[in-house]
Amino acid sequence: MDKIDLRCLNRQELTQYITELGEPAYRAKQLFRQIHKHGAADFQQMSDLPEALRVALAECATVALPRVIDRQVSAAEDTVKLLLELADGERIEMVLMLYERWQAHNRATCCVSSQSGCAMNCRFCATALHDHFRNLSAGEIVAQVQIADRLAYQMGFAGITNIVYMGMGEPLANLAAVKKSLELLNDEEGMNIGMRRITISTCGLVPKIREMAGWGYQIGLAVSLHAADPELRRQLMPGASRYSLEELIRACQDYREQTGRRVTAEYALFAGINDHPSDALKLANLLTETDILVNIIPANPLPEADIEPPDEAVIEAFCQLLQEKGLKVQLRHKRGADIQAACGQLRRRQTPSGQQD
Ligand code: SAH
């Protein structure tokens, strides 16, 4: 029989589980704090629980964290990429980004994966190259943050302050587990990470964006746009193009209205593909009348798909054109590219040379 992963259970479920074992409900509270506040990976570490209960739990349940099987640190020592192995042998990557003295305090952001691959088939993204993958559980998502939290402490930071769901996978294609992970991470008896410090990125699954808006949480929303021309977007993002650009922008505006959070559109610049001044004009046209913020990301190379960033001058001209048209534009600082930890570079396997297969 598979052991139940207690990291997946919220306080209410854990209480039910514990009382069914014939234990008093307050034990569930202790257990929840051990798992979600202290990041315990082993029942034996839980010194506030009686030995007999620890042994009984170990027989039928688990709180084990995924094994870190590779760790790469960028030359600037501000980005760490981890390759994790899950209980069933499935592998995922996640990234820790450290920002010293960011707006007067230190920020440590954890970029988590929500699936061990992706079905969306964006032709510029390394994660799309896997054929088989699965959804991650809420516990497996929370575990990534806990592993990063511990690492951030070891590197002199005060733990994880921010989370972005921008790793492997499409979070909105695994929305139930993603929602539960958010609630677990936000729980005041656990890591207590504010919803405003969490951002979810999606390729644009419109009905799911609307579902998210209905939660009433103040989570940041980022939408991977990458093209303002329907035909070009269909070629670049076949899975995401089920919904029209108009529907997508309307859903973003409604999200903004319902949550009060401004939405970001991510636009990666792929040399010779979507970086022409006419592409900038189409983007400006699409977003005019909205207060969507544009995040420009110079492409991270994907040799398999001939994806390269444009020259610096092209990037600058593109941003300038958007600004002239009245859009709010941010140029995303590239980090972690030397260890293939930048946007769209996460995959499951890594050869020792740093070359990937
Ligand atoms: N599936 C979600 C979450 C992934 S976030 C989404 O699509 O938003 C990863 C971000 O990196 C997305 O914005 C994705 O479009 C972007 N990306 C993928 N490949 C890239 C590349 N080669 N260069 C720059 N950004 C890329």
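The values are calculated or read from the model by the stated rules, or taken from the named source; none is laboratory data. As the structure is a prediction and not an experimental result, all values here were calculated from the model. Note: ideal-geometry Cβ built from the backbone for every residue, glycine included; neighbour counts use all protein chains shown.
Annotation note: of Asp338, Asp311, Asp306, Asp357, the sole residue that is closer than 25 Å to Ser116 by Cα, surrounded by fewer than 20 Cβ atoms within 10 Å (Cβ to Cβ) and either aliphatic (A, V, I, L, M) or at pLDDT 90 or above (or both) is Asp306.
Residues are listed down the side, and each one gets a yes or a no for (1) within 15 Å of the ligand (Cβ to nearest atom); (2) of a type in the set (Gly, Ala, Ser); (3) not in a helix (DSSP H, G or I):
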site: Glu257; (1), (2), (3): no, no, no
site: Tyr267; (1), (2), (3): yes, no, yes
site: Asp291; (1), (2), (3): no, no, yes
site: Val294; (1), (2), (3): yes, no, yes
site: Glu316; (1), (2), (3): no, no, no
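The single condition among (1) in a helix (DSSP H, G or I); (2) farther than 25 Å from Leu302 by Cα that Ala173 does not satisfy is (2). Tallying residues that are closer than 15 Å to Asp48 by Cβ and charged (D, E, K, R) within region 1-30 yields 3.
Of the candidates Ala40, Ala76, Ala87, the single residue that is modelled with pLDDT under 95, of a type in the set (A, V, I, L, M) and assigned to a loop (DSSP other than H, G, I, E, B) is Ala76. Among the conditions (1) without any contact (Cβ under 8 Å) to a residue 40 or more places away in the chain; (2) more than 14 Å from the chain's Cα centre (by Cα), the only one that Cys122 does not satisfy is (1).
Here is a yes/no grid of residues against (1) within 22 Å of Ile193 (Cα to Cα); (2) out of contact with any helix residue (DSSP H, G or I) (no Cβ under 9 Å at 6 or more places or on another chain):
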site	(1), (2)
Thr19	no, no
Arg67	no, yes
Asp70	no, yes
Lys81	yes, no
Leu84	no, no
Ala87	no, no
Met94	yes, no
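Residue count for region 295-326, restricted to those that are closer than 27 Å to His130 by Cα and among the charged types (D, E, K, R): 3. Counting just the residues of region 50-73 that are without any contact (Cβ under 8 Å) to a residue 40 or more places away in the chain and assigned to a strand (DSSP E or B), which one comes out nearest to Gly167 (Cα to Cα)? Per the stated criteria, the residue is Arg71. Tell me whether region 242-259 contains one or more residues that are in contact with a Leu (Cβ under 9 Å, 6 or more places away or on another chain), over 27 Å from Thr109 (Cα atoms) and of a type in the set (S, T, N, Q). No: zero hits. Of the residues screened, Ile209 is not one that is outside any helix (DSSP H, G or I), outside the structural domain of Gln30 (by TED's automatic domain parsing), closer than 22 Å to Gly239 by Cβ and within 16 Å of the ligand (Cβ to nearest atom). Out of Gly260, Gly220, which single residue is crowded, with 16+ Cβ neighbours inside 10 Å and more than 22 Å from Leu322 (Cα to Cα)? Gly220 is the lone residue from the list that is crowded, with 16+ Cβ neighbours inside 10 Å and more than 22 Å from Leu322 (Cα to Cα). Each residue in region 85-133 was checked for being more than 15 Å from the ligand (Cβ to nearest atom) and at negative phi, and 17 pass. Can we say Lys208 is free of Cβ contacts under 8 Å to residues at least 40 places away in the same chain, on the phi < 0 side of the Ramachandran plot and of a type outside the set (Val, Ile, Thr)? So Lys208 fits the description; yes. Residues in region 256-314 that are aromatic (Phe, Trp, Tyr) and either touching a residue at least 60 places away in the same chain (Cβ under 8 Å) or in contact with a Cys (Cβ under 8 Å, 6 or more places away or on another chain) (or both): Phe270 only. In region 144-189, the residue that is surrounded by the fewest Cβ atoms within 10 Å (Cβ to Cβ) out of those that are under 12 Å from the mean Cα position of the chain (by Cα), farther than 26 Å from Gln30 by Cβ and of a type in the set (A, V, I, L, M) is Val164.
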